[in-house]
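A short write-up of the structure that comes next.
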Amino acid sequence: MKESNGSDKSTLPRKFMFLYLNTGNGHIAQARVLKKAMEEYDPSIPVELVYGFDQKDKTAKIFFEKGYALACNYVHGAFPLLYDVGQNRHILTFFSSLISIFTEHYIRTQILKRNITDVVSFHFALTPAAYNAVRKINRKVNLTVAVTDPFTGPNAWFYQKNADFLVASDEMKNVAIKDNNVEPSHVHVVPVLVDKKFRKYVSEEEKRTLRKEYGFDEQKKVVLLAGGGEGLPGALKIINQCVLHKADFSIAVVCGRNTAMKQSLEILAKTYTHLDLHVYGFVKFMDSLIKLSDLIVSKAGTSTVMEIVASHKPLIISNYIHNQELGNMQFVVHNHVGYYIRHSADIYAKIEEIFNSEDTYNKATHSFGTLKLDTDAEKIVRYILEK
C-alpha cells in the first residue's frame, strides 16, 4: 500500500524534474539539451533541473562526486577497479542502498514540494532512490531513465529493471536486455542528446570572426584541449611538447573545475611568452571554442565527443574511462572521424602531420559527410510527453 502524503491530486498539470549529479559534465549537459528542446516544443510545460543530493548534506557529495573525480583523474587504476567491482549485482545492491539513505527522502520531498508529475533521471546512482521515492507517492509520477552513455556503460544504469530506459544505440539496448535482463518493452533507442548549436555550419570567414572575438590570431591554426568537467588529463604534457617544439599554432585549454591545472597553465603561459596559449576554467561558450578550432584533443566523455563530432571537427582522443567510455572512442575511430593516441609526443606529432598536410586534414574531415548521427532531441520530447 502506498503511503498517503496529503498530495493525491490526480489532475496536476505536467511538470518535469530532471535529476543529475556533478560526476563529469555529461549528465547535466544532456539534461540541459533535453530541457531546452522540451521548452522549445511546448513552453507551457515547466522543466526543472534538480541536483540529486540534498545540498545540506555534504557526505554523499564528498563520497560520490569527489571520489569519482579522484578515481578518474588522480588515482591511477582506481576507477577500473571500482567499475569492474560495480558490475556485480550484489555490490550494486549495497551501493544503491547506501546512496538511497542520502537521496530517497530528499527526492520524494522535491517531487511533492514542486508538484512534479514526471521525473527523468540522468544518473544511474539516482535511479533506485527515485524509483522508490515515486512508489511512495499516492499519485501517478512517471519515471524515465536517460542513459547518458551511448555505446558502453555500467550495469548500474539498469539496476532498477522496471524503469523506462532511453538509450542512444542498439549496443546499449543489448546491454540492458541481454546483460541485465530488462524487458525489451522497457528499452527505447532514441537520438543522441547534443545541442543543435553544435551542428551549425561555420564558414572560414565566421571562424576568423570568432577568433578575433576571443583574442586569437586570425591566421593561425587552433588546437583545442578539452576534457569535460575535470579538464583533460595529461594536458600539461601535451603543452610541454608544444613548448619543446616551439609550436606555431594557437592552443586553447579548457580546465573545467580543475583549478590546479588552470593555475599551472597560466604560469606556463607567462613563462613561455612565444607560446600562443589561451587558458580557461568553466566556459559557457564551448560551442564557439569548438567552431573556431581546427583540431581538438579530448578525453572520450560522451557530451564532449558528440559535440565535437556534430561540429565536424577532427578529434584526437587521448584517453577514456575504463569500459564506460570505450564505446565512444571506438565510435570515433571506427567511423574515421578521429584518432586514439595516448602519448603526448605522439599526439603532438599527429597535430603537426594534420596541419602540415592538406591531404591528411581532408581525410580527417571527409568521413563526416557519411557519418549518420541522429541528434533530433524533439523525438525524445514527443516520446516522453506521450506517457
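Each residue of the chain gets 144 Å³ once the volume of the Cα convex hull is shared out per residue. So if we plug the beta-carbon distance of LYS246 and LEU373 into 1/(1 + (r/R0)^6) with R0 = 41 Å, what FRET efficiency do we get, rounded to 0.05? Here the calculated transfer efficiency is 0.65.
Accessible surface computed residue by residue for the chain, with neighbouring protein chains in place and a 1.4 Å probe, gives 47 Å² per residue. Over all other residues within a Cβ to Cβ distance under 15 Å of LEU210, the charged ones net out to +3, with Lys and Arg as +1 and Asp and Glu as -1.
Computing FRET efficiency as 1/(1 + (r/R0)^6) for LYS140 and TYR340, where r is the C-beta to C-beta distance and R0 is 35 Å, gives about 0.15. Here the chain is scanned for GluC sites (Glu not before Pro) in DSSP loops (not H, G, I, E, B) that have at most 15 other Cβ atoms within 10 Å, and the longest stretch holding none of them is 4-217. Taking springs between alpha-carbon atoms closer than 10 angstrom, which of THR370, THR144, THR209 fluctuates most in the Gaussian network model of the chain? Taking springs between Cα atoms under 10 Å, the residue moving most is THR370. In terms of distances greater than 31 angstrom between alpha carbons, the cross-link table entries LYS113/LYS200; LYS207/LYS237; LYS161/LYS197; LYS284/LYS387 yield LYS113/LYS200; LYS161/LYS197; LYS284/LYS387. Quick one: with all protein chains in place, what share of the accessible area of the stretch 164-242 is carbon or sulfur, to the nearest percent (1.4 Å probe)? For the stretch 164-242, the apolar C and S fraction of the accessible surface comes to 46 percent.
For MET17, the residues whose amide H sits under 5 Å from its own are GLU48, ASP118, VAL119, VAL120, ignoring neighbours fewer than 5 places away on the same chain, with H placed 1.01 Å from N. Give the separation of the Cα centroids, the stretch 302-343 to the stretch 232-287, in Å. Taking the Cα centre of the stretch 232-287 as reference, the centre of the stretch 302-343 is 20 Å away.
Can you tally the net charge around LYS197? Count Lys and Arg as +1, Asp and Glu as -1, for every other residue whose Cβ sits under 10 Å from the Cβ of LYS197. After counting each charged neighbour, the total is +2. Taking the Kirkwood radius as Rh and the Cα radius of gyration as Rg, the stretch 92-141 has a ratio of Rg/Rh equal to 0.96. Taking the alpha-carbon distance from LYS140 and a cut-off under 12 Å, which aspartates and glutamates remain once sequence neighbours fewer than 8 residues away in the same chain are dropped? Result set, ordered by chain and number: ASP8, ASP118.
Across ALA269, ALA252, ALA130, mean-square fluctuation computed from a Gaussian network of the chain (C-alpha pairs under 10 Å connected) peaks at ALA269. Accessible area per residue (1.4 Å probe, heavy atoms of protein chains only) ranks PHE158, PHE355 as PHE355, PHE158, with the largest value leading.
The values are calculated or read from the model by the stated rules, or taken from the named source; none is laboratory data. Keep in mind the model is a prediction, meaning the values are calculated, not measured. Cβ: placed from backbone, ideal geometry, glycine included. Neighbour counts: every protein chain shown. Just so you know, the surface numbers come from the protein's heavy atoms only, side chains and all, with ligands and any DNA or RNA stripped out. Shrake-Rupley method; radii C 1.70, N 1.55, O 1.52, S 1.80 Å.
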